[in-house]
1. So which of E116, E54 ends up being in contact with a Phe, Trp or Tyr (Cβ under 9 Å, 6 or more places away or on another chain), farther than 19 Å from A2 by Cα and of a type in the set (D, E)?
2. Could you tell me whether D96 is without any contact (Cβ under 8 Å) to a residue 24 or more places away in the chain and farther than 21 Å from L124 by Cα?
3. Condition first: within 11 Å of E11 (Cα to Cα), out of contact with any strand residue (DSSP E or B) (no Cβ under 7 Å at 6 or more places or on another chain), of a type outside the set (S, T, N, Q) and at pLDDT below 95. Now tell me which residues in region 24-62 satisfy that.
4. Criterion first (among the small types (G, A, S) and in contact with a His (Cβ under 9 Å, 6 or more places away or on another chain)) does S41 satisfy it?
5. Residue pairs, Cβ under 6 Å, 6 or more apart or interchain, first in region 6-34 and on the phi > 0 side of the Ramachandran plot, second open to solvent by 20 Å² or more (accessible area, probe 1.4 Å). List them.
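The values are calculated or read from the model by the stated rules, or taken from the named source; none is laboratory data. Computed from a predicted structure; not experimentally measured. All Cβ positions, glycine included, derive from the backbone under ideal geometry; neighbour counts span all protein chains shown. We work out accessible area using only protein heavy atoms, side chains counted, and drop any ligands, DNA or RNA first. Shrake-Rupley method; radii C 1.70, N 1.55, O 1.52, S 1.80 Å.
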Amino acid sequence: MAHRILFVCVENSNRSQMAEGFARLHGGDDVEAMSAGSKPSGRINPKAIRFMAERGVDLTTHASKSLDDVTGEFDAVITMGCGDNCPWVPAKRREDWALPDPRDMDDDGYRAVRDEIEARVKALLASL
């Protein structure tokens, strides 16, 4: 059975979307990855789409979702360090990655956050 992972941030337009994309890329059929936000922006940041495309991940098919739309139990719930007031989501494991929001960063800064997310996702998948 696939491991269910939920990535959470406020707008669900940058960090959590990238984490979901990397979890799908590196986890394949062994992972059911989702992302959501406490106050979703309703769109994916164009920078996230562009910089994930550099890694072969297409975020144009993703949607910005609300935590209210998430159901079920997860093997891991990962928050992105947004001081997020998350509603309770059943999970066997919780982590807060305390990552800076790259939304207003320059290209190099955004890529650095993306690369950190990829490394953390790989480590998370290896530990499940």
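1. E116
2. Criteria not met by D96.
3. K39, G42, R43
4. no
5. Note: pairs meeting the criteria are N12/P40; N12/S64; N12/K65.
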